[in-house]
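Working notes for the structure below.
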Amino acid sequence: MTGAPARTLLLWCPDWPVLAAEIVDGVPATGPVAVLHANRVVACSERARAEGVRRGLRKREAQGRCPQLTVVDYDPGRDARAFEPVVAAVEELVAGVEVVRPGACAVAARGPSRYLGGEEAAAERIIEHVAQSCLVESQVGIADGVFAAGLAARAGRVVAPGGTPEFLAGLPVEALGRSALADLLRRLGVRTLGDFAALPAGDVLARFGFDGALAHRLAAGRDHRPLAVRQPPADLTVTSEHDEPIDRVDAAAFVARALAEQLHERLAGHGLACTRLGIEAVTEHGQELHRVWRHDGLLTAAAIADRVRWQLDGWLSGSNGRAGARAARPTAGIIRLRLVPDGVIAQAGLQAGLWGDTGEERERAHRALSRVQGILGPEAVVTAVLGGGRSPADQVRLVPWGDERLPARPEAPPWPGRLPPPAPAVVLPSPLAATVHDAAGEPVVISARLAVSAAPARLVVGTGQPAEIVGWAGPWPVDERWWAPAEARRRARFQVSLADGAALLLAVESGQWLVEAIYD
């Protein structure tokens, strides 16, 4: 960009990775907290800085300076999710917001300054609105260009038009955010952005390459690109108003079909498919009703209509989804019905289910399971999702039909102590107490060093009859969450085969033998 950079207003939330950890994971940001990436501190709380913790420190050094330090892993996804409400709050006042990074967003300052009473008034209004809407403290900087506005935000300054080069000139070269370049410049005697900007552009390009030339433009107050504003999401919600209140199921079914087709056409126009549908209704007396239906595939117009009809049937008939029980009916008929596509994905991203992409079998299966769910409740129909973990019980998660099929634990880690294949066929919901004896009738004991006192010879499950053990393997030790005493768990697992052909998975925990699973 060859012209002068545009006046830019940038909102910055200090220590955002720490604040995001509090918002998403409940880590108290008022205490000493450090966010680590690659074993180095990338952000820390004000309390941690008071104890001497700084960005760039290694984990051990940071904990040495502050023994009470709470360590949190860096998660850019968490930071982005937590920052979305802040961006939405800014968009309520101004249009054309660009997310610079989680914790910072920028907007052209001309519009807000004109209709909010000047640049300083606009900055104060946005800060106040974000604080009230999101309970988040922020600072705003205004300058010529995004880079200078970001540095001004850290000081809470409004740089006068045309004064950006002077504002940048006195800042250290570390403000460029390029540690290797800043270290080299200091060794060459270039200590401020003003010194760096004074160097000939051709010499900078020849000596430092393209990235150095880009940093040289920023140091001189010239941004390399204009703002790339964020487009507000399309409004996909459909609503129907009714002068005559709906109090009959047949009338509700007719309305549901028309509204479902309207929603499906609107989604198709944007190349989207609905996976989670919000159904909202308002009665003549102002009573508000709301329910969310989930689905693991494409919600067609017919599928949307079915769910709306089932939900309206449940509301108008007073059924709460439990056999033999009924909920109170609405106090009046429905005058407003609203469908909200709460979860949407690109149609090309849909994956085939158990019954294939299309066809009568797939549709019948989805309709049947959804109908059962509508009668008995969302938790009545579940499917299993396989994920990571060390024990069979840890690896399986049951999710309601239609919910996102995400494992409770990621599959990627190696999971030391995980059982070797094959996996057991039956995992007991509650392990059964057992006793294991050797050939002499003495209890088999596992020492702290995993030494087995004798070869297992007989197994008694609960109060049952003894069974002869003809083969065994193990132990496989598991020492989990040793750093959290309240959650720590230490046990060892064995695989045993019995004389009657059965094979079991046993575990020893705190001296007690347990039967965890059965092999086929």
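A few notes on this one:
- Theoretical ellipticity at 222 nm over the chain - DSSP helices of four or more residues, -39500 (n - 2.57) apiece, nearest 500: -10000 deg cm²/dmol
- Summing +1 for each Lys or Arg and -1 for each Asp or Glu among the other residues whose beta-carbon sits under 9 angstrom from that of Pro5 gives 0.
- Relative contact order (percent, whole number), segment 381-520, Cα cutoff 8 Å, 6+ residue spacing: 20
- Among the protein heavy atoms of the chain, carbon and sulfur supply 53% of the accessible surface, probe 1.4 Å, non-protein parts ignored.
- Per-residue Karplus couplings for segment 445-452, computed as 6.51 cos²θ - 1.76 cosθ + 1.60 with θ equal to phi - 60°, are listed in order as 10, 10, 7, 5, 9, 6, 8, 8 Hz, Gly and Pro entered as x.
- Mean sequence separation of contacting Cα pairs (under 8 Å, at least six apart), scaled by the length of segment 57-132, corresponds to a relative contact order of 21 percent.
- Whole-Hz ³J(HN,Hα) from phi, Karplus 6.51 cos²θ - 1.76 cosθ + 1.60, for segment 299-315, glycine and proline x: 8, 6, 4, 5, 5, 5, 4, 4, 5, 5, 5, 4, 5, 5, 4, x, 5
- Surface analysis of the chain yields an accessible area of 54 Å² per residue, using protein heavy atoms and a 1.4 Å probe.
- With an a/c value of 1.5 or above and a/b not larger than b/c for the gyration tensor axes a ≥ b ≥ c computed over the alpha-carbon atoms, segment 114-160 is described as oblate.
- For the pair Thr435 and Arg54, the difference between a 0.36 nm per residue extended length and the Cα-Cα distance amounts to 131.8 nm.
- Listed peptides 421-427, 173-179 appear in the order 173-179, 421-427 once ranked by packing, highest mean of other Cβ atoms within 10 Å at the front.
- Global form of segment 395-491, assessed from the alpha-carbon gyration tensor, a/c cut-off 1.5: prolate
- Cut-off 11 Å between beta-carbons: net charge of the residues surrounding Pro32, Lys and Arg +1, Asp and Glu -1: +1
- Projected over all directions and averaged, the alpha-carbon convex hull of segment 54-121 occupies 6.6 nm².
- Calculated FRET efficiency for the pair Thr30/Glu92, C-beta based, R₀ 35 Å, to 0.05: 0.80
- Cα shape, segment 20-141, gyration tensor, a/c 1.5 rule: prolate
- Under the criterion of Cα pairs below 8 Å and six or more residues apart, the relative contact order for the chain equals 8 percent.
- Estimated translational D of segment 84-131 in µm²/s (Stokes, Kirkwood radius over Cα pairs; 25 °C; 0.890 mPa s): 228
- The Stokes-Einstein estimate for segment 25-71, based on a Kirkwood radius over Cα pairs and taken at 10 °C with 1.306 mPa s viscosity, is a diffusion coefficient of 158 µm²/s.
- Under 15 Å, Cβ to Cβ, from Arg114 - net charge with Lys/Arg +1 and Asp/Glu -1: +1
- Computed over the alpha carbons of the chain, Rg followed by Dmax gives 31.3, 93 Å.
- Degrees, to the nearest 10: 249-269 long Cα axis against longest axis of the chain: 50
The values are calculated or read from the model by the stated rules, or taken from the named source; none is laboratory data. Predicted model, so just to flag it, every value in this text is computed and none were measured. Here the Cβ is made from the backbone with ideal geometry for all residues, glycine too, and neighbour counts use every protein chain on show. Surface areas here come from the heavy atoms of the whole protein model, side chains and all, with no ligands, DNA or RNA. Shrake-Rupley method; radii C 1.70, N 1.55, O 1.52, S 1.80 Å.
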